[in-house]
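Quick notes on the structure that follows.
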Amino acid sequence: MSINSVYTQIITDAARDKTNRREIPGAQFTLSGVNPSCGDEIAVQLELDTQESYASLAEVPDDVVITDCSYLGQGCAISQASAAFLAELLTGKTVGQARELRDTFLGMIKGSVTDEEALDKLEDAQALAGVAKMPARVKCATLAWHTLSE
Amino acid sequence: MNRQDFPTTALTENDYPIRYFDSGATSLRPSAVLSAIERSSIHNNANPHRGIYTLSVRATQEYEDARRTVAEFINAETEEIIFTRNATESLNLIAFTLPPVLFQDKTKNNIVIPISEHHSNFVPWQRFVKSNGYELRFLYCDKQTGDIPDSEIEAKIDEGTAIVSFATVSNVLGVHLPVEKLTQKAHSVGAVVILDAAQSVAHEQLDVKALDCDLAVFSGHKMYGPFGIGVLYGKKELLDKMPPFLTGGDMIDDVTETLTTYSPVPYKFEAGTQNVTGAAGLAEAVRYIKNLGYDAIAEEENAVLQYLTEELEKLPFVTLTIPSPTVPRASVVSFSMDDVHPHDAATVLSEYGVCVRAGKHCAHPLLDYLGVPFRATLRASLGVYNDTSDVDALIHALKETYAFLTKTSKPV
Ligand SMILES: Cc1ncc(COP(=O)(O)O)c(C=O)c1O
């Protein structure tokens, strides 16, 4: 069944693992997103290694390092796993790398990025590739990642 | 039952027969309706109300016959039936054209709706009051029974109330609203009553005269008819006072460079080329329901509904959203699965051919108010094609789904 390729152990484990589902007290950015098809809300928090203050994430230079990343909110297994993968992956990366990883992830779900070398950089988040074949769940998988574009 | 009338029931998913439990969102359509659409598309394919040639005359006749059929169906006068795209458009038409009439009375300052309303009977009113400072008041229901307490009705509907608008049946709670009580109270303070019959018209008689509602709306696609055709009923004297909604062709008597005079009702509310095939399909759906008869429909559906609720109650991991209704349930049941998000459950259920709705059901304020886990539910709703074998398949799939998503047993 195709369902087994989506609800894999790695995804259900990530959805239940709440390590990075927490509030970062000193977070510079809290980026929230709503899935219009179900109303689920997710917020991604970023703590950056910079003294500057920026009005939006878009203004932050590529070389600034993300020192901590977390997410808040409830949702389905797919959106929770996706947010957990994101938080895990972005911690310690630069903002520029985060932007690239976001584009790769969204490309993977759209089916436009298939290059294995690029996909490998997504680490565990690659487990969500199967969602590309489930149009009804694409918004769940991309919810957390889209907040990075706000 | 009537399964053989509905070609979609013959479809399969992963070799499982389709088990359709989403009639609350849209019903399946019987062969008779599909044939009527095709017949009308071939034989009456012309612009109604315009051409002089026979084909156009037939298109006009087909459309006006459909209006008569719908009028009889809900015990209205023919000119009190306006065709729209769906219940949502009907409600928007009302929300744009009724308040200017009613709020001329300066003692009026509020509109009352239940918290359980579908967004289509929520957002248009919220938008209206935001632009002018009138008050939108909510009737809150009891979370166990789904009932709106009398005290709530007495407290919220007052002399300042201009409009009381509510669904006959909530599309989430599956409870019947107290139509008579609300109508009486509303009329006692001089308020206009709008009934959203979208969830009930496929299951129960809508008699606009007996209910004494001032306006009523429903969609063809939830009552075995085609997409894209809906109905607005209004008492003639009220419709006469309401200004047009959309303007343009077909709805005018005359147009000069500076002035337009409008057609009488119902035509003044039907701008542009109308959906003749939709009306033909809807009329056929009405005949389909009439042939079965509401008594027979109720008897069959209630038996399936009772079996469904009993079987759901037996599942230890399932909680019904309204556990103890005081009035008989309508053909809609919402429920939650322990620790499983409704979207995940619906995805896995789909693998077994089971079609249920999951989420907030276009009623976000209600789901927020209920405070159920994940602020979302699963919803199974019935049509005349469902039987107990569908329920058995649903229950089996629910058990497998729960096991799969919580991994308490072998995965599927
Ligand atoms: C109670 C109720 N009102 C209105 C609507 C809106 O119907 P439509 O989308 O056909 O306009 C629905 C549909 O889900 C409904 O259940």
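The values are calculated or read from the model by the stated rules, or taken from the named source; none is laboratory data. A quick note: this is a predicted structure, and the numbers were derived from the prediction, not measured. Accessible surface areas use protein heavy atoms only, side chains included; no ligands, DNA or RNA. Shrake-Rupley method; radii C 1.70, N 1.55, O 1.52, S 1.80 Å.
Over the stretch B:293-406, what portion of Cα pair distances is larger than 18 Å, expressed as a whole percent? Tail of the P(r) past 18 Å holds 49 percent of the pairs. Taking only alpha carbon atoms, the stretch B:1-60 gives an Rg to Rh ratio of 1.22, where Rh is the Kirkwood radius. A simple rule links phi to the HN-Hα coupling: the Karplus curve 6.51 cos²θ - 1.76 cosθ + 1.60 with θ = phi - 60°, which for the stretch B:305-322 gives 4, 5, 4, 4, 5, 4, 5, 5, 5, 6, 7, x, 9, 10, 10, 6, 4, 10 Hz, with x for Gly and Pro. For chain A, adding -39500 (n - 2.57) for each run of n ≥ 4 DSSP H residues and dividing by the number of residues yields -10500 deg cm²/dmol at 222 nm. Sequence-ordered 3J(HN,Hα) estimates for the stretch B:384-394 from the Karplus curve with 6.51, -1.76 and 1.60 and θ = phi - 60° stand at 5, 8, 6, 9, 5, 5, 4, 4, 4, 5, 5 Hz, glycine and proline given as x.
Note that the stretch B:74-79 has calculated 3J(HN,Hα) couplings of 10, 6, 10, 7, 4, 6 Hz, one per residue in order, obtained from phi through the Karplus relation 6.51 cos²θ - 1.76 cosθ + 1.60 (θ = phi - 60°); glycine and proline are x. Close amide-amide hydrogen proximity is noted between B:T84 and B:G230, B:V231, B:L232, each under 5 Å apart and 5 or more residues distant or on a separate chain (H modeled in the peptide plane; Pro and chain starts excluded).
Quick one: accessible area per residue over the stretch A:45-150, 1.4 Å probe, rounded to a whole number of Å²? So the stretch A:45-150 comes to 46 Å² accessible per residue, rounded to a whole number.
Using only helices, what value at 222 nm comes out for chain B when you add -39,500 (n - 2.57) per DSSP H run of length 4 or more and divide by the total residues, to the nearest 500 deg cm²/dmol?
Details: 14 runs with 157 residues, N = 412.
Taken over chain B, the calculation gives -11500 deg cm²/dmol.
Note that chain B presents 40 Å² accessible area per residue, ligands and nucleic acids not counted, probe 1.4 Å. Filter A:K93/B:K407; A:K110/B:K143; A:K18/B:K314; B:K143/B:K399; B:K156/B:K241 down to the pairs with a C-alpha to C-alpha distance above 29 Å, please. The pairs that break the limit, which is 29 Å between Cα atoms, are A:K93/B:K407; A:K110/B:K143; A:K18/B:K314. Taking only the C-alpha atoms of the stretch A:3-149, the Rg (one decimal) and the largest Cα-Cα distance, Dmax (whole number), read 14.4, 46 Å.
Across the alpha-carbon set of the stretch B:26-115, the Rg to Rh ratio works out to 1.11, Rh being the Kirkwood radius.
With 22 Å as the limit, the listed pairs A:K139/B:K222; B:K222/B:K360; B:K130/B:K209 have A:K139/B:K222; B:K130/B:K209 beyond it between alpha carbons.
When chains A and B come together, the accessible area they lose, probed at 1.4 Å and totalled over both chains, is close to 1600 Å².
B:F103 sits with roughly 10 Å² accessible to a 1.4 Å probe, with DNA, RNA and ligands left out of the calculation. Nonpolar atom fraction for the stretch A:3-149, defined as the carbon and sulfur part of the 1.4 Å probe accessible area, stands at 48 percent.
Here the stretch A:1-66 was treated as a single set of alpha-carbon atoms; its pair distances binned every 10 Å from 0 give 16, 32, 32, 16, 3, 0 percent. Rounded to two decimals, the Cα-based Rg/Rh of chain B, with Kirkwood Rh, is 0.99.
Largest first and in whole Å, the equivalent-ellipsoid semi-axes of the protein assembly as shown read 45, 29, 25, each the square root of five times a Cα gyration tensor eigenvalue. Go through the stretch A:4-48 and flag every residue whose accessible area shrinks by 40 Å² or more with all protein chains in place compared to the isolated chain (probe 1.4 Å). Residues meeting the cut-off: A:N4, A:Y7, A:R16, A:C38. Quick check on chain B: of the DSSP beta bridges with both residues there, what percent are antiparallel, nearest 5%? The antiparallel proportion sits near 60 percent. Distant-in-sequence amide contacts of B:V354, defined by a placed amide H-H separation under 5 Å and a gap of 5 or more residues or a different chain, comprise B:R19. Rg and Dmax, both from the Cα atoms of the stretch B:283-349 and both in Å, are 15.5, 45.
Taking all protein chains as present, what is the carbon and sulfur share of the accessible area of chain B, in % to the nearest whole number, probe 1.4 Å? If you can, show how the numbers build up before the last one.
On the way: 8370 of 16300 Å².
Whole-percent figure for carbon plus sulfur exposure: 51.
Shown for the stretch B:359-378: residues covered by the partner protein chains by 20 Å² or more of accessible area relative to the chain by itself (probe radius 1.4 Å), namely B:K360, B:H364, B:F374.
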